[in-house]
Amino acid sequence: MDYKRVLKAIWDKSKLSFFLSFFSVTFLYWRGFIVRPFRLVPEQLRNKLHAMASVPFAPDEEQKTEFEFAARQALLIFGMDDATILEQAYPGYDAYYVGEARDVRFTLITDAKNQQYYVGIRGSENEQNWIDNFTPEFVKDNELKATIHRGYRDVALSLLEQLAPLLINKDYKIVVAGGSLGGVSSVAVGWYLDSRGYAVKQIYNFAGPRLTDDDYSHLNVLTVVNKLDAVWMLPLATLFHRYRHQGRRVLIIPALNYQDDKGEAEWRLYQDRLLTDFLLSSWGIDRKLDSGEHITYGAYFLRFLGKKDELDSFG
């Protein structure tokens, strides 16, 4: 990837976005690798606050099955080059589709028996994706009646131009899932679909950045993040851009020896409240971040799902 071209494209597109991105990355590096603000709080109090805001993540079998399907969709989509490969990965459904818009791949699986659509959205893989990632200025969206991240709004609307005509049964329930850029785009796409009258059952945002400071708490969103990953904390809030995740949030807390014990972690479920916003922000960092943890979610998923035998073959 030509990083100079990406930086120039962001500068040419929006000076504000360029400086907001520089601010976010610089301050997150400072807080996450050097200061780690929350470690200055006594450990006993830190643990008490987290216990007040969360419980162990323990989905029932039906929820775990849907969670696994969504997680695999988000992670395996990089290899889903066409509908034939998609069908081989997920056999037994009625229709399969692989498309791309604004250099972002999406997949659609139709389950007529259960009257459900499964939508997957890919994470960052090319220069256009990174340009959109780093165009964080707010724009007013009249359809959502909200101000949202400019780059992710552009991605979501481009995807919907191709995706919406494929959703011919408007009464079917829709599950949208993606990782990283695909995760935050899943929230935006699900939000638009909901505003247009579609039956959005669930949105899974795996490791995705933040989209807005406006309210989408009416959506059923589950955001899954790794405590040592930095991407999901971006963009950082400013006086004029208070980005925040919303809905239920699952925090993966890697073991202290996570580099040797692949995928070992504690999983905590946080409800949508102010304390959660603080604890799951750059101000809540108490361990040194690890940039490599953004691409290790597959290992944590498999350990959580009891499928440790797949660790060597799964992303």
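Under the condition of being among the polar types (S, T, N, Q) and within 22 Å of K64 (Cβ to Cβ), which residue from segment 198-233 is surrounded by the fewest Cβ atoms within 10 Å (Cβ to Cβ)? It would help to see each step written out before you state the result.
Looking only at segment 198-233, we keep the residues that are among the polar types (S, T, N, Q), and these are 202, 205, 212, 217, 220, 223, 226.
In the following step, the residues that additionally are within 22 Å of K64 (Cβ to Cβ) were identified as 202, 205, 220, 223, 226.
Numbers: Q202: 20, N205: 33, N220: 15, T223: 26, N226: 24.
Step by step, filter segment 198-233, then rank; the result is N220.
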**OP:** Taking the residues in segment 172-197 that are over 19 Å from M80 (Cβ atoms) and among the hydrophobic types (A, V, I, L, M, F, W, C) as candidates, determine which candidate is surrounded by the most Cβ atoms within 10 Å (Cβ to Cβ).
**Re:** V184
Subject >> Only one of G190, G197 that is farther than 30 Å from W11 by Cβ, part of a helix (DSSP H, G or I) and touching a residue at least 24 places away in the same chain (Cβ under 8 Å) >> reply: G190
**OP:** Any chance you could count how many residues in segment 52-88 are within 19 Å of F301 (Cβ to Cβ), crowded, with 16+ Cβ neighbours inside 10 Å and of a type in the set (A, V, I, L, M)?
**Re:** 7
**OP:** Tell me which of these D290 doesn't satisfy, since it passes every other one: (1) closer than 18 Å to R39 by Cα; (2) surrounded by fewer than 19 Cβ atoms within 10 Å (Cβ to Cβ); (3) in contact with a Gly (Cβ under 6 Å, 6 or more places away or on another chain).
**Re:** (3)
Subject >> Y216 farther than 23 Å from G32 by Cβ and not in a loop (DSSP other than H, G, I, E, B) >> reply: no
**OP:** Could you list all residues from segment 1-39 that are acidic (D, E), part of a helix (DSSP H, G or I) and over 16 Å from D154 (Cβ atoms)?
**Re:** none
**OP:** Return yes when V224 is out of contact with any strand residue (DSSP E or B) (no Cβ under 6 Å at 6 or more places or on another chain), under 21 Å from G32 (Cβ atoms), at pLDDT 95 or above and of a type in the set (A, V, I, L, M) and no when it is not.
**Re:** no
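Would you say Y96 is in a strand (DSSP E or B), free of Cβ contacts under 8 Å to residues at least 40 places away in the same chain and buried (at least 17 other Cβ atoms within 10 Å of the Cβ)?
Against the criterion (in a strand (DSSP E or B), free of Cβ contacts under 8 Å to residues at least 40 places away in the same chain and buried (at least 17 other Cβ atoms within 10 Å of the Cβ)), Y96 qualifies.
Rundown of residues vs (1) farther than 21 Å from M233 by Cβ; (2) without any contact (Cβ under 8 Å) to a residue 12 or more places away in the chain; (3) charged (D, E, K, R), yes/no style:
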| position | (1), (2), (3) |
| --- | --- |
| I77 | yes, no, no |
| Q115 | yes, no, no |
| E137 | no, no, yes |
| N142 | yes, yes, no |
**OP:** Would you check which residues across segment 129-187 are closer than 18 Å to V231 by Cα and part of a strand (DSSP E or B) and list them?
**Re:** I148, H149, A177, G178, G179
Original post:
Among the residues of segment 80-97, is there at least one that is more than 21 Å from L163 (Cα to Cα), out of contact with any strand residue (DSSP E or B) (no Cβ under 6 Å at 6 or more places or on another chain) and either among the charged types (D, E, K, R) or at pLDDT below 95 (or both)?
Top reply: no
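Listed here are the residues, each with its yes/no results for (1) charged (D, E, K, R); (2) in contact with a strand residue (DSSP E or B) (Cβ under 8 Å, 6 or more places away or on another chain).
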{"residue": "L256", "(1), (2)": "no, no"}
{"residue": "R273", "(1), (2)": "yes, no"}
{"residue": "F278", "(1), (2)": "no, no"}
{"residue": "G284", "(1), (2)": "no, no"}
{"residue": "D290", "(1), (2)": "yes, no"}
{"residue": "A299", "(1), (2)": "no, no"}
{"residue": "R303", "(1), (2)": "yes, yes"}
{"residue": "L311", "(1), (2)": "no, no"}
Original post:
Does any residue of segment 244-258 turn out to be among the polar types (S, T, N, Q), over 18 Å from L49 (Cα atoms), in a loop (DSSP other than H, G, I, E, B) and free of Cβ contacts under 8 Å to residues at least 12 places away in the same chain?
Top reply: yes
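Of the residues that make up segment 139-152, is at least one of a type in the set (D, E, K, R), under 25 Å from L279 (Cβ atoms) and touching a strand residue (DSSP E or B) at 6+ places or on another chain (Cβ under 8 Å)? Spell out how you get there, then give the answer.
Within segment 139-152, the first condition is being of a type in the set (D, E, K, R), and the residues that meet it are 140-141, 143, 145, 150.
This time we only want the ones that are under 25 Å from L279 (Cβ atoms), so: none.
Scanning segment 139-152 turns up no residue that is of a type in the set (D, E, K, R), under 25 Å from L279 (Cβ atoms) and touching a strand residue (DSSP E or B) at 6+ places or on another chain (Cβ under 8 Å).
The values are calculated or read from the model by the stated rules, or taken from the named source; none is laboratory data. On a predicted model such as this, the values are computed, not experimentally measured, just so you know. Glycine gets a Cβ as well: all are built from the backbone with ideal geometry, and neighbour counts include every protein chain shown.
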